[in-house]
Amino acid sequence: MKKKLVVLTGAGMSAESGISTFRDSGGLWEQYPVEEVATPEAFARNPELMLNFYNARRRELLKAKPNEGHKGLADLEKYFDVSIITQNIDNLHERAGSSHVIHLHGELMNARSTGDPSLVYRLSEDNPDIKVGDVCEKGYQLRPDVVWFGEPVPMIEEAIRITRQADIFVIIGTSMVVYPAAGLLNYVPNAVPIYLIDPKDVAMHRRDIHHIRKGASEGVKELKKLLLKDEP
Ligand code: APR
């Protein structure tokens with residue numbers, strides 16, 4: 001029976017793929033005030049600005065490739081039962097080959113009906129934009145299938161269930177300041193080893209954290225060596 005390896009990832013996971021983080025210098029929230037491009041109120045006020053903001057990020061994603069960190073996590077599925085819980089809306093974990101990925105904040109490549117949230121449509125690479133006037137089969141305007149500030153995080157219960165079962169817990173590339181994602185740390189059982197991969201310090205209330213002070217690509221390589229050293 002393989003050990004359960006649970007990995008919580010954030011924007012830093014995709015930084016080496018050329019996708020900007022949110023709170024590093026030059027990050028996305030420095031360029032765009034979050035209340036103007038990531039809240040339901042902003043969407044009601046100015047849907048075109050919001051749709052264009054996500055259209056631009058989607059086009060950036062189509063040019064990006066999974067980095068060695070994404071690939072290293074996919075490779076760990078040979079040795080562990082790996083679950084990725086990501087705050088990222090990109091699809092780089094899946095494109096690297098990870099087979100169990102939970103998107104807490106939604107998926108950039110999906111569009112959702114504003115009138116019936118159960119209607120979700122996969123956007124294609126050759127037509128990746130959502131425009132004002134694009135509607136679902138019931139005639140409601142489409143929106144990005146992402147979680148904006150103040151909106152519920154439907155996948156959090158599943159993420160908590162998986163975190164409780166972890167034998168090993170890894171945090172990669174997140175400043176751990178946005179809840180409920182950051183709160184997952186509270187559900188990691190006490191005896192479970194926790195690894196952090198981040199070039200900077202991250203304020204967390206648990207002391208027993210093994211900090212690999214590297215970027216995702218080099219950090220996942222070092223993590224793999226550490227984890228496989230303990231494996232029979
Ligand atoms: N490798 C690993 N970590 C990195 C790298 C890298 N190459 N570069 C930066 N980091 C780290 C930073 O040190 C920081 O701790 O990634 C983290 C990025 O933090 P944020 O920009 O706050 O991103 P994140 O924690 O994912 O934000 C959480 O906030 O805006 C919302 O919904 C959005 O999902 C996002 C959530």
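The values are calculated or read from the model by the stated rules, or taken from the named source; none is laboratory data. Please read these numbers as outputs of a predicted model, since none were measured by experiment. With ideal geometry, Cβ positions are generated from the backbone for all residues, glycine too; neighbour counts draw on all protein chains shown. What goes into the accessible areas is simple: the full protein's heavy atoms, side chains included, and nothing from ligands, DNA or RNA. Shrake-Rupley method; radii C 1.70, N 1.55, O 1.52, S 1.80 Å.
From the Kirkwood radius over Cα pairs of the chain, Stokes-Einstein at 37 °C and 0.692 mPa s returns a whole-number translational diffusion coefficient of 179 µm²/s. What percentage of the solvent-accessible surface of the chain, computed with a 1.4 Å probe over protein heavy atoms, is contributed by carbon and sulfur atoms? The computed percentage sits at 52. Based on protein heavy atoms only, the range 98-218 ends up with 50 Å² per residue of surface accessible to a 1.4 Å probe.
Using a simple spin-label model with pseudo-atoms 7 Å out from Cα toward Cβ, E158 and K200 lie 3.1 nm apart. For the range 124-181 versus the range 46-75, the spacing of their alpha-carbon centroids is 13 Å.
Using r as the Cβ-Cβ distance of D134 and Y187, and R0 as 35 Å, what FRET efficiency do you calculate, to the nearest 0.05? Efficiency at R0 = 35 Å is approximately 0.35.
Each stretch of four or more DSSP H residues adds -39500 (n - 2.57); spread over every residue of the chain, this sum gives -8500 deg cm²/dmol at 222 nm. Annotation: peptides 91-101, 10-20, 175-185, ranked by per-residue average of other Cβ atoms within 10 Å with the highest first, follow the order 10-20, 91-101, 175-185. Taking every protein chain into account, the 1.4 Å probe leaves R112 with about 50 Å² of accessible area, to the nearest ten.
Could you state, as a whole-number percent, how many of the C-alpha pairs of the range 155-199 are farther apart than 15 Å?
Values: 408 of 990 pairs.
Percent of Cα pairs beyond 15 Å in the range 155-199: 41.
Ranking D126, D75, D201 by solvent-accessible area of protein heavy atoms (1.4 Å probe, all protein chains present), from largest to smallest, gives D126, D201, D75.
In terms of distances greater than 23 angstrom between alpha carbons, the cross-link table entries K78/K224; K4/K200; K4/K63; K65/K224; K4/K224 yield K4/K200; K4/K63. Compute the Cα gyration tensor for the range 1-136, then decide on rounded, prolate or oblate, letting a ≥ b ≥ c be the square roots of its eigenvalues: rounded whenever a/c is under 1.5, prolate when a/b is larger than b/c in the other cases, and oblate in all that remain. Prolate shape, in that a/c is at least 1.5 and a/b is the bigger ratio. Beta bridges from DSSP with both residues in the chain: antiparallel share about 30 percent, rounded to the nearest 5.
Run the numbers for R45 and S99: contour at 0.36 nm per residue of separation, minus the present Cα-Cα distance, in nm.
The R45-S99 span can extend by a further 15.7 nm.
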